Structures are given as structure tokens and as C-alpha cells.
1. Counting only residues that are closer than 23 Å to residue 18 by Cα and among the basic types (Lys, Arg), which one in segment 55-88 is surrounded by the fewest Cβ atoms within 10 Å (Cβ to Cβ)?
2. Output the number of residues of segment 98-126 satisfying the condition of being touching a Gly at 6+ places or on another chain (Cβ under 8 Å) and surrounded by 11 or more Cβ atoms within 10 Å (Cβ to Cβ).
3. How about segment 1-107: which helices (runs of 4 or more DSSP H) wholly inside it have at least 1 residues that are farther than 30 Å from residue 120 by Cα and without any contact (Cβ under 8 Å) to a residue 40 or more places away in the chain?
4. Is it the case that residue 90 is within 24 Å of the chain's Cα centre (by Cα) and at pLDDT 95 or above?
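The values are calculated or read from the model by the stated rules, or taken from the named source; none is laboratory data. Because the structure is a prediction, the values reported are computed rather than measured. Quick reminder, even Gly has a Cβ in these numbers, built from the backbone with ideal geometry, and neighbours come from all protein chains shown.
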Amino acid sequence: MAGRNGVDQLGRAAMFSAMLLFLASVLTGGKLSQILLLLAVAAVIYVYFRMFSRNTGKRRAENGQYLSRTASLRNYFRSLGERWRQRRDYKFFRCPGCGTLLRVPRGKGKIRIVCRKCGNSFIRNT
């Protein structure tokens, strides 16, 4: 694999979509199943093409473009994971004024929360 691209985020996403297409082709029947299977095989071929490509500059640019286009979606799911991990210690509220997500310690009772972004204050039970 020396001098080759290897597996990157775009390759992993393409392989995951190929697996989903394989699964969908197994669960469906008829002509649709054949089309989904063909798309899955094409996705696997694309993954291997990217992995063994020696044009690392172009593959790196493709991966960077993929990462920039999916950044907001990945950040959303990353923040959901963080909120899930912190759910025992903190409670999360949205500011009614600007919609900013605010983190407040649990177990403090009824408190006044002040938004750091817009200065709006509201009362909630933690």
C-alpha cells in the first residue's frame, strides 16, 4: 500500500452505503433488487478504486470536499453524543430569544437562566 491512498472518510461512507444497498437488495425483490445490487457493487468498486489509487492529491481533495459538505451534519451528531454523555450532570435548554443551546447543572431546582449570547433570561426547573 505504499504510495497509495488507503481508506479515508469518503471511502468509509461509500462502503457503508454499499452495505446498506446490499441489505436493501436482499430485502426487496424483482427488478429493484437487481438495480440495488448493481449500485452496491459499483460502490464497492469505487471504494477499491479510491483505496488503491496512486493519485493521492486528487483523492485527498475529494475527501476534503466530502468533509466540508458533511461538516454540519457530523457536528450535529457529535453534539448529540456530547449531550447524551452529559445528560446525568447537566440539563439542556434552548433560549427562547435566539435559540442558543444552554447547559445548566441538574438538581438546582427552579433557577433563572441568562443566555450568554443575547442576554435574554427565563426561569426553568432543573
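1. Looking at residues that are closer than 23 Å to residue 18 by Cα and among the basic types (Lys, Arg), I get 69.
2. 4
3. On the way: elements: 9-27, 31-52, 56-69, 71-85.
Helices (runs of 4 or more DSSP H) meeting the threshold: 9-27, 31-52, 56-69.
4. Yes.
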